[in-house]
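Structure, as structure tokens:
The values are calculated or read from the model by the stated rules, or taken from the named source; none is laboratory data. Computed from a predicted model, the values in this text were never measured in an experiment. Using ideal geometry, Cβ is built from the backbone for each residue, glycine included, and neighbour counts are taken over all protein chains shown. Each accessible area value is taken on the protein alone, full model and side chains, heavy atoms only, with ligands, DNA and RNA left out. Shrake-Rupley method; radii C 1.70, N 1.55, O 1.52, S 1.80 Å.
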Amino acid sequence: MGKRFITSVAVVFALLLCGQPVVAADTVRVGLMAPLTGAWASEGQDMKQIVELLAEELNNQGGLLGKQIEIIAEDDGGDPKTASLAAQRLANSDVVAVIGTYGSSITEASQAIYDEAKILQVANGSTAIRLSEKGLKYFLRTCPRDDEQGKVAAKTLMDMGFKKIAILHDNTSYAKGLADEAKGLLEKEPVEIVFYDALTPGERDYNTILTKIKAAGPDVVLFTGYYPEAGLLMRQKMEMGWNVPFLGGDATNNPDLVKIAGKQAAEGYYFLSPPVPQDLDSKAAKDFMSAFKQKYNAEPGSVWAVLAGDGFNVLAAAIKGSGSTDTEKMVAYLKTQLKDMPGLTGNISFDEKGDRVGDLYRVYRVDADGKFVLQP
Amino acid sequence: MKNKRWIVYAACAVVILISPAALNRYWTDVLNVIGLYVMLALSLNIILGHCGMFHMGHAAFYAVGAYTTAILNTAYGIPVLWLMPLSGLLAGLFALVIARPIIHLRGDYLLIVTIGFVEIVRIALINNIFGITGGANGIFGIDRPTIFGMKISTPGQFFYLIWFFVAVTIYLFRKLEHSRFGRALNYIREDDVAAAGSGIDTGHYKLIAFVIGAVWAGFCGTLFAAKMTIIAPESFNFWESVLLFMIVLLGGRGSIAGVILGTFLVIGLPEIFRQFATARMLVFGVVMVAMMIFRPEGILPPPPRTYRLDGDTGPEEAA
Amino acid sequence: MEFFFQQLTNGLAVGGIYALIALGYTMVYGVLKLINFAHGDLFMIGAYLGLTLLTALGLADHLSPFGVIALLAVMVLALVAILGVVLERVAYRPLRQAHRLSAVVSALGASIFFQNIVMLIYGAKFHVYPHDLMPRTVVHIFGMPVPLIRILILLASVVMMVGLYTFIQRTKVGTAIRAAAIDQGAARLMGINVDRVIALVFVIGPALGGVAGLMVGIYYGQINFTMGWIYGLKAFTAAILGGIGNIPGAMVGGLLLGLIEAFAAAYLSIAWKDAFAFCVLILILIVRPTGLLGERVAEKV
């Protein structure tokens, strides 16, 4: 017994010790925190692809401050506990800044760690309002906030002239936040909210819910959840023979939406989103599109991953612009000097809180070929 | 043999105690998470390991503790550590209420009912029950704990706070294990009909075991809330319960040293496998299966209870 | 009233799939007393294999829709069955003499392994079955439109359940399975090769799960590597609700769970429906501690 016990303990400690990070050569190290495993692995893997592509391109042009850039990717697993460990790990790997992550509560679990370690964090898919309301100095994000999108959603619905509105979310903090924002604004307007409830993400059959919404008789359904569910809703709605327009939030901006729903069912689906590089005329966007296609032989997926790419771009601009990798200088540069930098999702500037400024949202509609068409 | 074992224990304790000096913040924080899970797993060990009740919903009690702390701290500013007893108490009360009608269910039926409870709790938290849990956002801005005016915020400081409680837990649960109560639980685990036949009120004992485990999980909830400063329903999902379940079985049911070692593996291995990036959980799955095949009773199953014949007092542990 | 019947068919459609997966749970449990937590993942693999075969072989070009589905079903059945036998051989057989819960942990490990290997092979993105695989025929029952495929799914579950039940009750092999379920030692003494019986159970259970995966893929279209976990938990709940180890029980439990969810969502709250389903489960177990159709047996002492 004794011997076996000692061996077991020794093995465990040996295992624990062999994972120490190695401090590498003279490079500019940029951290990327992304959900590489878990339920949001698809987003995280896209983020990694895009950021690595941009870093590679910049390295081919000579890197930054005469040094090569090294991307240190850490998996946050899409859950707060793993994220806080990933953040500690990045904080210890001599990174000059961190990009990420996807999911507001995941980002929130890492914010304090980066703040204490004085590391600049540029989040890409974390839209909860409160993240930038805490007065954290080193936190910025390339994505817009829920209140912004809620405003646009309510305005779009009003402009389209709908009177009876159903709101469906999925009880994730992002979707609920957006649904609540929109609901609050719509209640002040002369419209009726006939339905407000949440589906359970990850299921396959939403017929029950659609039947219930149909019974409430709305003119339009505002769905604030994510694309896998939106695709299924569209498909099952068509199978029911129900012809109600849907307006989705920016989490449904993913080509897989059409794949899941089918072109026929997806046609006529409206959603809000920051513009994707496919729709931008800027040189940055065009170069990126061709490089991405060349390297991965596909179109970039979700807009959130593209926003991580923008996170990388603003970091590169900050290092170049401030001529240093000092956190204070980079932050100061981004918040005060960076104005209308052409990014992958339009022009980028930040306000004092670290939020992205400007009207970002556009209305898209899915056409009969399953293409996302920017609405005028 | 027996002394040798103690030397190893002492050596481990010393290694753990001085480790923050040698480790960076990341590995210190990994040890903090491990410490929290050690406490949680030890509390589950009372229910699952000692009493043999298939309980796969421990995260529910953990959640009650964490939310009690978070709500009272953010709403009334009560210091978090003061809330620890209350969190444990409420978690225990909750366990008492829900366990009473289901305690007689056998094996797998109890398993699904406990899974049911943890899911109900999670859904209730997400739906912002009573308007106090903050829905899917959870609760944020929980204060850091302070001890004698010192604010605990770095991983190194948390390390000593958490492992202090781990040490207390180990000490108390060791006492419990060797008490009359602990022996009764083991009897119930091995054969509850015979236990009842020997005059043990099995229902009563099972209920007490359940409540003790829950109270302790509630305490852990306080520490977790203090450490994370934000809690959300997703931290208390079914998968957390499964992890704890696996820790106890992998370590060795009813063995404190085993459960601690099991925690190091189940929580530590995915961190070590980070170098495999996307494949890290795959490797983890394989290791789980392999461990069970090579050590089906866990890595360190408890030694059999033995008693001296020469009229000495009390039970003695064999080495 | 139309709303009620519409929700009734919605519930039955979901319940039919739960029932089909629950059959596999119950089969394995009946003989081994093992909760095979990897069963949901075998279901998920069935869905992925079906899609791979469909696109790789280009079946849809040569055969009628039902021919395609029948052929796919046979192939998926065979492949997932092989996987099931391998799983039993590698992860469960070495643990047969060990404590029951050791095998449960092994099953959880296998579940993590399956999920992640599928993620590595197929990628983390959602995969989608072709949309025109099945004709989208709608039949009218009492004036209510019901998609044909729903009726087929429900029918398939019932047919499989009845077939399985007859097989277990009426054939010689079935008798051997029942004998092994009651007492493996005694069965062995009666000349039954218990290892073969268990292997057979691991052919049937996973095969049913795999076919269920295929059906979900064809019906709903969208599949991903985490789907097994959610369906697995629901099916396990259904199996317990009906009385685990009992074949008609799995069917009843599955359909009932589907109906409870549908009606809870329809008349109470959608967001709370799962919590409500678990409440009903707990209440039923308090009244009937071994599920609806489970027999009252004393734990072996």
Inset, instruction - Filter the range B:174-202 down to the residues that are outside any helix (DSSP H, G or I) and of a type outside the set (S, T, N, Q), then identify the one that is surrounded by the most Cβ atoms within 10 Å (Cβ to Cβ). - result: B:ILE200
Legend entry - Count of residues meeting criterion [open to solvent by 10 Å² or more (accessible area, probe 1.4 Å), touching a Lys or Arg at 6+ places or on another chain (Cβ under 9 Å) and β-branched (Val, Ile, Thr)] in the range A:85-129: 4
Inset, instruction - Would you be able to say whether some residue in the range B:90-97 is within 14 Å of chain C (Cβ to nearest Cβ) and open to solvent by 20 Å² or more (accessible area, probe 1.4 Å)? - result: yes
Legend entry - Scan of the range A:308-346 for residues that are β-branched (Val, Ile, Thr) and closer than 19 Å to A:ALA55 by Cα, ordered by number: A:VAL314, A:ILE319, A:THR325, A:THR345
Inset, instruction - Go through the range B:164-205 and give me each residue that's within 30 Å of B:ILE18 (Cβ to Cβ) and of a type in the set (A, V, I, L, M, F, W, C). - result: B:PHE164, B:PHE165, B:VAL166, B:ALA167, B:VAL168, B:ILE170, B:LEU172, B:PHE173, B:LEU176
Legend entry - Those residues of the range B:113-128 which are farther than 14 Å from B:SER241 by Cβ and at the interface with chain C (Cβ under 8 Å from one of its Cβ atoms), in sequence order: B:ILE123, B:ALA124, B:ILE126, B:ASN127
Inset, instruction - Of all residues in the range B:203-214, count the ones that are buried (at least 24 other Cβ atoms within 10 Å of the Cβ) and either aliphatic (A, V, I, L, M) or not in a helix (DSSP H, G or I) (or both). - result: 2
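Conditions (1) farther than 23 Å from C:SER111 by Cβ; (2) surrounded by fewer than 24 Cβ atoms within 10 Å (Cβ to Cβ); (3) over 21 Å from the mean Cα position of the chain (by Cα), marked per residue:
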| residue | (1), (2), (3) |
| --- | --- |
| C:ALA235 | no, no, no |
| C:PHE263 | yes, yes, yes |
| C:SER269 | yes, yes, yes |
| C:CYS279 | yes, yes, yes |
| C:LEU283 | yes, yes, yes |
| C:LEU292 | yes, yes, no |
Inset, instruction - Can you give me the number of residues within the range A:147-190 that are without any contact (Cβ under 8 Å) to a residue 24 or more places away in the chain, acidic (Asp, Glu) and in a helix (DSSP H, G or I)? - result: 1
Inset, instruction - Quick one: in the range A:318-346, of everything that is in contact with a Gly (Cβ under 9 Å, 6 or more places away or on another chain) and in contact (Cβ under 8 Å) with a residue 60 or more places away in the chain, which residue is surrounded by the fewest Cβ atoms within 10 Å (Cβ to Cβ)? - result: A:LYS335
Legend entry - Residue that is most open to solvent (accessible area, probe 1.4 Å) [pool: residues in the range C:175-224 that are free of Cβ contacts under 8 Å to residues at least 40 places away in the same chain and not in a helix (DSSP H, G or I)]: C:MET190
Inset, instruction - Take the residues in the range B:60-84 that are in a helix (DSSP H, G or I) and without any contact (Cβ under 8 Å) to a residue 60 or more places away in the chain, then tell me which one is most open to solvent (accessible area, probe 1.4 Å). - result: B:TRP82
Inset, instruction - Check the range A:195-212 and report whether any residue there is closer than 20 Å to A:GLN149 by Cβ, surrounded by fewer than 20 Cβ atoms within 10 Å (Cβ to Cβ) and more than 24 Å from the chain's Cα centre (by Cα). - result: yes
Legend entry - Unmet requirement for A:TYR196, which otherwise passes all of (1) assigned to a loop (DSSP other than H, G, I, E, B); (2) more than 8 Å from chain C (Cβ to nearest Cβ); (3) closer than 18 Å to C:ASP274 by Cα; (4) in contact with a strand residue (DSSP E or B) (Cβ under 9 Å, 6 or more places away or on another chain): (1)
Inset, instruction - Can you confirm whether the range C:28-35 contains a residue that is over 19 Å from C:PHE225 (Cα atoms), part of a helix (DSSP H, G or I) and without any contact (Cβ under 8 Å) to a residue 40 or more places away in the chain? - result: no
Inset, instruction - Within the range A:29-42, count every residue that is buried (at least 23 other Cβ atoms within 10 Å of the Cβ) and at pLDDT 85 or above. - result: 7
Inset, instruction - Taking A:LYS293 as meeting all but one of (1) in contact (Cβ under 8 Å) with a residue 12 or more places away in the chain; (2) of a type in the set (D, E, K, R); (3) more than 27 Å from A:GLU148 (Cα to Cα), write down the number of the exception. - result: (1)
Inset, instruction - Looking for whichever is within 14 Å of chain B (Cβ to nearest Cβ) and under 16 Å from C:ALA199 (Cβ atoms) here; the options are C:VAL105, C:VAL90, C:VAL85, C:VAL80. Which one fits? - result: C:VAL90
Inset, instruction - Would you mind telling me which numbered condition in (1) touching an Asp or Glu at 6+ places or on another chain (Cβ under 9 Å); (2) under 24 Å from A:ILE119 (Cα atoms) A:SER302 fails? - result: (2)
Legend entry - Selected residue (criterion: nearest to the other protein chains (Cβ to nearest Cβ)) from residues of the range A:60-84 that are β-branched (Val, Ile, Thr) and either more than 25 Å from A:ALA112 (Cβ to Cβ) or out of contact with any Lys or Arg (no Cβ under 7 Å at 6 or more places or on another chain) (or both): A:THR82
Inset, instruction - Go through the residues of the range C:59-78 one by one and say whether even a single one is at pLDDT 90 or above, out of contact with any strand residue (DSSP E or B) (no Cβ under 9 Å at 6 or more places or on another chain), in a loop (DSSP other than H, G, I, E, B) and over 30 Å from C:MET144 (Cα atoms). - result: no
Legend entry - Qualifying positions in the range A:202-228 - more than 7 Å from chain C (Cβ to nearest Cβ), in a helix (DSSP H, G or I) and within 19 Å of A:LYS183 (Cβ to Cβ): A:ILE213, A:ALA216
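Quick grid of which residues meet (1) within 21 Å of A:LEU140 (Cβ to Cβ); (2) not assigned by TED's automatic domain parsing to the domain that holds A:TYR138; (3) not aromatic (Phe, Trp, Tyr):
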{"position": "A:LEU257", "(1), (2), (3)": "no, yes, yes"}
{"position": "A:GLY268", "(1), (2), (3)": "no, yes, yes"}
{"position": "A:TYR296", "(1), (2), (3)": "no, no, no"}
{"position": "A:GLU299", "(1), (2), (3)": "no, no, yes"}
{"position": "A:SER302", "(1), (2), (3)": "yes, no, yes"}
{"position": "A:VAL306", "(1), (2), (3)": "yes, no, yes"}
{"position": "A:VAL314", "(1), (2), (3)": "yes, no, yes"}
Inset, instruction - Considering every residue within the range B:216-236, establish whether at least one is open to solvent by less than 50 Å² (accessible area, probe 1.4 Å), on the phi > 0 side of the Ramachandran plot and touching a residue at least 60 places away in the same chain (Cβ under 8 Å). - result: yes
Inset, instruction - Using the structure shown, decide if A:ASP170 is closer than 30 Å to C:GLY258 by Cα and either among the acidic types (Asp, Glu) or away from chain C (no Cβ under 12 Å) (or both). - result: yes
Inset, instruction - Could you tell me whether the range A:176-190 includes any residue that is within 14 Å of another protein chain (Cβ to nearest Cβ), surrounded by fewer than 21 Cβ atoms within 10 Å (Cβ to Cβ) and in contact with a Gly (Cβ under 9 Å, 6 or more places away or on another chain)? - result: yes
